[in-house]
């Protein structure tokens, strides 16, 4: 296996299929994404978006086909790959009976983060939760949990960050915090974001993907996208209106 930084592409997916019984959540997905790109993934519920991210983050094994992230196979190199990726999902993946600081220190230890106390303090300040660092996370609002999960995902400075509806549950101020964090680290990271918000997804992305019934309907560089045509394809393919 080549060294991570020798890879031209962050993602290389070939014929990726994931079945649940007779239903194919992913059905022959092919995808290449260059390092430091920002991919926004669109599609209706049941399109296979979250399944795609779960396979790419080693949480699910593919039924058929292959997927590599940073040159590492999502199955055979799963343990090593997890040290190079971060995930923000609907589940904040936090321990409710630990404080915010204890949660981050736990994950910092798990990832072998150098100078963990300083890194945790830096991120708590970045997500504006330093004043709540000694509070149990079970006392946090949904938005605060999401902000803390963002800090958790960034702890080990992952090369690829997967975002499954990251703005869900965030108030406008928390959205601004996330926007600022993405802007700060964007130049050195690859992003894959699921979004139901066409405007936000297109605003952030360098590449856009529409999935429907587990298949790629459209995959284009942002600079090549005609917004009106993209929205029409989205509407006609997945049957969802765009306001």
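Values in this text are rule-based calculations from the coordinates and carry no lab data. Fair warning: this is a prediction, and the values are worked out from it, not measured in the lab. Don't worry about glycine lacking a Cβ; one is built from the backbone with ideal geometry, like all the others, and counts go over all protein chains shown.
Output the relative contact order of the chain, whole-number percent, from Cα pairs under 8 angstrom with separation of 6+ residues.
It rounds to 27 percent for the chain.
Remind me, relative contact order of segment 94-151 in percent, using alpha carbon pairs under 8 angstrom and six or more residues apart?
Averaging sequence separation for qualifying contacts and normalising by length gives 47 percent for segment 94-151.
Nearest 500 deg cm²/dmol is fine: what mean residue ellipticity at 222 nm does the chain get from its DSSP H runs of n ≥ 4 alone, each adding -39,500 (n - 2.57), divided by its residue count?
-10000 deg cm²/dmol
Below 8 Å between Cα atoms, with a sequence gap of 6+, how large is the relative contact order for segment 105-243 in percent?
17 percent
Given 4 °C and 1.567 mPa s, how large is the Stokes-Einstein diffusion coefficient of segment 87-243 in µm²/s, with Rh as the Kirkwood radius over Cα pairs?
This corresponds to a translational diffusion coefficient of 76 µm²/s.
How big is the antiparallel share of DSSP beta bridges in the chain, given as a percent to the nearest 5?
60 percent
According to a simple spin-label model (label point 7 Å from Cα along Cα-to-Cβ), what is the distance in nm between residue 97 and residue 199?
4.4 nm
Which whole-percent values make up P(r) of segment 52-128 when all C-alpha to C-alpha distances are grouped in 5 Å steps starting at zero?
Taking every Cα pair in segment 52-128, the percentages come to 3, 14, 20, 19, 16, 14, 9, 3, 1.
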